[in-house]
Amino acid sequence: MTARPRTFRRLTLASAAALAALTAGRARAVRPGRLDAGVGMWSVGNSLVSAGMRLTDDGRVITGLRDQSRGLDWASSSGGLGFRIVLRAPSPDAPADADPSAFDAVTLTEGSTWDLVGATTKPAPDGTVRFDLVVASREAPVSVTWSLVCHSESPVFRSSVAVTNTGAHRVLLEAVDGLDASLTAAGGALSSLTVNNFNWGQPATSFQTSQATVAPGGSVLACTGPGGNQAAWLALRSSMWGAGVFAGWEWSGPGRLAAAAADDGTTRLGVGFAPATFAHVLQPSETFASPTAFLGVFSGDLDAAGAATRAFVNRRIAPPLPAPDFPWAGFDTWGYSLDIDHPTVEVLIDRAAALGVETFTLDAGWFSRLGDWSADPQRFPGGLAALAARAHGHGMRFGLWIALGAADPASQVVQEHPEWVARVGGQPVTTDMGGVALCLADPDVRAWILAQVDRLVTEGSLDWLVHDFTVITACDEPGHSHQAGDGAWASTAGYYAVLDEIRRRHPKLVLENCWDGGSLFDFGMVARHDTSATSDRDDAYGNQRAIYGGTYLVPPRYLDKYVGDDGTPNTYRFLSALQGGPLLLMGQLTNWSPETEAAAQAALALFKQTRVINRDGAVYHLTDQPGAGPVAAVESYDAKTGAGTIVLWGAQNATSNAAANATARILPFGLAASALYDVSVSTALPDARAPEALPTETGANLMSAGITLGLAPTDGAALVALTKR
């Protein structure tokens with residue numbers, strides 16, 4: 001079937017007679033920015049997805065949501081796209097100093113009653129269009145600007161709302177959710193997919209995927225942000241339609257993505273602040289804008305949801321690749337914990353270079369005290385410059401670990417500015433290594449952090465910066481530059497301001513997110529980093545789960561893997577980190593056997609050989625997730641080059657007969673049916689078992705008959721290479 005050309009249909013203000021016609025893209029177009037008198041109907045979208053809106057006579061905004069490529073209408077009878085605001089406002093006759101928290105809460109959605117203020121479109125040269133609908137509430141003293149952004153090539157809407165206090169009293173905002181959609185039951189009951197992030201409270205479940213059926217009366221919840229256990233992404237699929245929707249949040253503060261099915265089968269999907277984590281007083285004439293959420297449509301299985309998400313994120317959220325050969329193979333000193341000094345690091349730089357490492361990162365332990373960001377003069381008398389010069393002399397990039405916004409109570413910054421410390425209920429917010437968090441909502445704190453980064457980048461000739469520790473806090477300290485109830489929101493905004501300014505000042509600096517071990521997986525973090533830690537346990541099994549689960553929601557290059565000395569065989573632990581983003585060795589090189597060194601050297605060469613395929617190829621999850629069966633497998637296939645890889649992992653520490661004699665029959669996806677493929681099993685790692693010869697097959701035969709392999713009795717792994725002739 002020939003794909004439809006991805007031409008963009010300009011957002012129009014239309015005078016069609018029915019909302020369905022608008023949603024389907026059949027409305028009569030009029031000049032953008034013009035509203036036909038007395039009509040109140042609009043449409044926005046492209047050839048892949050569209051939304052129609054109608055302002056009813058009684059003041060409600062009714063919306064549609066249509067998958068254009070399949071002709072599927074996802075909007076329920078009560079609407080499709082929407083938003084949700086919860087606020088408290090005094091009555092007009094209340095005293096001027098009335099406390100709004102004492103008044104009843106009012107929930108406003110697109111289905112509340114509104115008066116139209118205006119509607120505008122803002123097209124961009126790349127085909128992106130922003131549509132702003134401005135309405136004034138009949139139920140509360142506020143106006144709302146609802147913004148929808150649609151890009152020409154993506155089946156995705158980005159949605160946000162801005163609330164303006166139009167009354168004479170203060171208003172208390174308790175929820176400002178940029179996305180609150182109502183989906184139809186016409187496609188039958190929806191199944192959900194969520195993905196965990198790394199969480200020190202539940203480290204064994206990092207990047208575990210969870211599927212459930214959202215039956216009437218049922219719900220699914222993803223808790224995101226600091227302390228949350230899920231990534232900020234959720235997919236819903238109709239088995240009847242063979243299609244679905246996916247949603248994400250471009251924010252790192254405490255949040256939730258929730259889907260709940262009503263008794264009539266319709267499903268409400270909401271994305272926004274976690275309950276009881278946000279309260280913001282809005283003064284008269286002030287405006288508050290929500291973080292951006294996105295909602296997209298997909299056709300196919302859940303891998304199609306992942307593919308659509310990754311394509312959108314790659315094109316519109318993630319920063320450009322730092323270099324054409326990114327992701328890189330690297331080494332990080334954390335395998336030695338804090339026990340490092342100048343002579344040790346010099347040896348590690350030399351030995352890492354001999355293995356083929358491309359970037360060397362000096363992890364925690366280089367400074368005297370958390371927050372005093374200068375090299376310890378006793379252990380590193382030559383400072384950072386000498387180590388950077390040594391790494392650069394080997395042709396490697398040089399990186400540094402730092403905890404942005406964390407400091408020891410005895411550090412100079414805390415001693416001089418105790419008022420900068422984030423506090424909840426009067427008590428300092430603590431971090432690892434005995435530190436306390438600084439309140440990033442404070443512009444003076446941000447300026448101090450940026451000055452430290454500027455100095456370190458210059459002194460250390462840094463190419464790479466990895467930052468860690470909890471710095472988004474629910475600070476409620478009086479006198480800080482935020483309100484008592486919006487500390488999490490304000491510190492998140494301050495954190496973003498720091499990261500954005502680092503990027504502006506040092507555009508060539510690669511930024512790695514290691515927030516509390518890799519526990520923030522949301523699209524605000526993706527927008528501000530080149531890659532991210534996935535599991536601070538540095539183990540093979542955790543890396544497998546990160547590759548498997550993480551590739552549903554982010555581009556593979558965003559998933560870096562720490563390869564520590566976890567006790568598993570060399571082939572197993574190195575092949576467990578082959579796919580995805582940077583492969584970062586984190587073991588004790590000086591204690592490695594010659595066999596382990598040879599295996600690491602071969603693994604890095606194999607990583608470099610396959611990294612472009614694994615970065616750019618389509619991702620297929622060929623089995624259940626790691627741990628759910630005797631074998632797990634993930635495929636990367638680049639249709640442009642006809643090259644692909646399949647990595648198979650046997651059960652870790654297998655003890656059962658079924659696992660100990662793992663025979664895998666793997667069905668590849670995405671191949672050209674009539675093309676011939678050479679199939680080989682890599683023996684690049686020294687202790688890999690030599691495979692039996694595999695015949696050349698057509699893509700059709702490979703996808704129907706599969707590839708059958710035997711793995712090692714325990715901790716077995718294999719790499720299958722597919723090459724189109």
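For segment 98-106, the condition of being surrounded by fewer than 20 Cβ atoms within 10 Å (Cβ to Cβ), β-branched (Val, Ile, Thr) and in contact (Cβ under 8 Å) with a residue 24 or more places away in the chain holds for at least one residue. Looking only at segment 415-430, residues that are open to solvent by 40 Å² or more (accessible area, probe 1.4 Å) and part of a strand (DSSP E or B) come to 5 in all.
For PRO569, the test of being at pLDDT 95 or above and surrounded by fewer than 24 Cβ atoms within 10 Å (Cβ to Cβ) is failed. Checking every residue in segment 680-689 against the condition of being under 28 Å from ALA323 (Cα atoms) and either assigned to a helix (DSSP H, G or I) or modelled with pLDDT under 70 (or both) gives at least one match. Condition (residue is buried (at least 24 other Cβ atoms within 10 Å of the Cβ), under 26 Å from THR277 (Cα atoms) and polar (S, T, N, Q)) applied to segment 489-497: is it met by at least one residue? Checked against the condition, which is being buried (at least 24 other Cβ atoms within 10 Å of the Cβ), under 26 Å from THR277 (Cα atoms) and polar (S, T, N, Q), segment 489-497 yields at least one hit. Residue count for segment 318-349 under the criterion of being under 20 Å from GLY395 (Cα atoms), open to solvent by 50 Å² or more (accessible area, probe 1.4 Å) and aliphatic (A, V, I, L, M): the result is 2. Considering every residue within segment 260-274, establish whether at least one is touching a helix residue (DSSP H, G or I) at 6+ places or on another chain (Cβ under 8 Å), in contact (Cβ under 8 Å) with a residue 40 or more places away in the chain and open to solvent by 10 Å² or more (accessible area, probe 1.4 Å). Yes, that holds for at least one residue.
Within segment 163-214, being among the charged types (D, E, K, R) and in a strand (DSSP E or B) holds for GLU174, ASP177, ASP180.
Table: residues versus (1) at pLDDT 95 or above; (2) surrounded by fewer than 17 Cβ atoms within 10 Å (Cβ to Cβ).
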position: ALA451; (1), (2): yes, yes
position: LEU456; (1), (2): yes, no
position: ASP468; (1), (2): no, no
position: HIS480; (1), (2): yes, no
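Under the condition of being part of a loop (DSSP other than H, G, I, E, B) and open to solvent by 40 Å² or more (accessible area, probe 1.4 Å), the residues counted in segment 216-225 number 2. The number of residues in segment 321-373 being at positive phi and in contact (Cβ under 8 Å) with a residue 40 or more places away in the chain comes to 2. Grab the strands (runs of 3 or more DSSP E) fully contained in segment 244-338, keeping just those with 3 or more residues being at pLDDT 95 or above and of a type outside the set (Val, Ile, Thr). Here the list reads 255-261, 267-273, 293-299, 329-332. The one condition from (1) open to solvent by 20 Å² or more (accessible area, probe 1.4 Å); (2) more than 30 Å from the chain's Cα centre (by Cα) that THR121 does not meet is (2). Could you grab the pairs with beta carbons closer than 6 Å, sequence gap of 6+ or different chains, first residue in segment 619-646 and at positive phi, second one outside any loop (DSSP other than H, G, I, E, B) and open to solvent by less than 20 Å² (accessible area, probe 1.4 Å)? Within 6 Å, no pair qualifies. Hey, does segment 525-534 have a residue that's closer than 23 Å to ALA718 by Cβ and of a type outside the set (Asp, Glu)? Within segment 525-534, one or more residues are closer than 23 Å to ALA718 by Cβ and of a type outside the set (Asp, Glu). Determine whether segment 402-421 contains at least one residue that is closer than 21 Å to MET586 by Cβ, in contact (Cβ under 8 Å) with a residue 24 or more places away in the chain and in contact with an Asp or Glu (Cβ under 6 Å, 6 or more places away or on another chain). Checked segment 402-421: at least one residue is closer than 21 Å to MET586 by Cβ, in contact (Cβ under 8 Å) with a residue 24 or more places away in the chain and in contact with an Asp or Glu (Cβ under 6 Å, 6 or more places away or on another chain). Taken over segment 543-562, the criterion of being over 17 Å from the mean Cα position of the chain (by Cα) and either more than 19 Å from GLY627 (Cα to Cα) or modelled with pLDDT under 95 (or both) is satisfied by TYR562 alone. Considering (1) in contact with a Ser or Thr (Cβ under 6 Å, 6 or more places away or on another chain); (2) open to solvent by less than 10 Å² (accessible area, probe 1.4 Å); (3) over 17 Å from GLY82 (Cα atoms), say which one SER210 fails and leave the rest. For SER210, the exception is condition (2).
The test for being at pLDDT 95 or above, closer than 23 Å to ALA497 by Cβ and hydroxyl-bearing (Ser, Thr, Tyr) does not hold for SER374. When we screen THR723, THR708, THR698, THR655 for residues that are of a type in the set (Ser, Thr, Tyr) and modelled with pLDDT under 85, the only hit is THR655. The residue pairs whose first member lies in segment 230-245 and is surrounded by 21 or more Cβ atoms within 10 Å (Cβ to Cβ), whose second member is of a type in the set (D, E, K, R) and part of a strand (DSSP E or B), and whose beta carbons are closer than 6 Å, counting only pairs six or more residues apart or on different chains, are GLY244/ARG237.
Looking only at residues in segment 703-722 that are in a strand (DSSP E or B) and within 22 Å of GLN652 (Cα to Cα), which one is most open to solvent (accessible area, probe 1.4 Å)? The qualifying residue most open to solvent (accessible area, probe 1.4 Å) is THR708.
The values are calculated or read from the model by the stated rules, or taken from the named source; none is laboratory data. Not measured: the values here are computed from a predicted model. Glycine gets a Cβ as well: all are built from the backbone with ideal geometry, and neighbour counts include every protein chain shown. The protein model used for the area step is the full one, side chains on, heavy atoms only, and it has no ligands, DNA or RNA in it. Shrake-Rupley method; radii C 1.70, N 1.55, O 1.52, S 1.80 Å.
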